[in-house]
1. Within region 12-28, can one find any residue that is in contact (Cβ under 8 Å) with a residue 24 or more places away in the chain, out of contact with any His (no Cβ under 9 Å at 6 or more places or on another chain), part of a helix (DSSP H, G or I) and over 18 Å from residue 63 (Cβ atoms)?
2. Name the single residue that is farthest from residue 7 (Cα to Cα) among those in region 29-68 being within 12 Å of the chain's Cα centre (by Cα) and in a loop (DSSP other than H, G, I, E, B).
3. For the subset of region 1-28 comprising residues that are surrounded by fewer than 17 Cβ atoms within 10 Å (Cβ to Cβ) and in contact with a Lys or Arg (Cβ under 9 Å, 6 or more places away or on another chain), which member is nearest to residue 65 (Cα to Cα)?
4. Out of region 29-44, which residues are surrounded by fewer than 17 Cβ atoms within 10 Å (Cβ to Cβ) and either in contact (Cβ under 8 Å) with a residue 24 or more places away in the chain or not hydrophobic (A, V, I, L, M, F, W, C) (or both)?
5. When you go through 47, 58 one by one, which is the residue that is among the small types (Gly, Ala, Ser) and open to solvent by 70 Å² or more (accessible area, probe 1.4 Å)?
Amino acid sequence: MCTNIVYEWLKTLQLSQYAESFVDNGYDDLEVCKQIGDPDLDAIGVAVPHHRRRIHEAVRRLKEADER
């Protein structure tokens, strides 16, 4: 299993099962993760609607933190 910032981020979201797919698809740092949209989640294999919502919410929070 990968141990990086994306894994830690997904772990806090209780979605660490996607960590390997994120990294395999090039999402290996949070700056890249901020660009995630629905087509990306499809490619990564996140099909569960509430998992997708949780990721979208977390991405929104990452972007808001940047603005502060």
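The values are calculated or read from the model by the stated rules, or taken from the named source; none is laboratory data. What you see is a predicted model; the values in this text were computed from it and never measured. Cβ atoms come from the backbone with ideal geometry, glycine included; neighbour counts cover every protein chain shown. Surface accessibility is based on the protein's heavy atoms, side chains included, excluding ligands, DNA and RNA. Shrake-Rupley method; radii C 1.70, N 1.55, O 1.52, S 1.80 Å.
1. The answer is yes; a qualifying residue exists.
2. That would be 37.
3. Once the filter is applied, the top-ranked residue is 13.
4. Scanning region 29-44 gives 29, 31, 34, 35, 37, 38, 39, 42.
5. Details: 58 fails: open to solvent by 70 Å² or more (accessible area, probe 1.4 Å).
None of the other options fit; the residue is 47.
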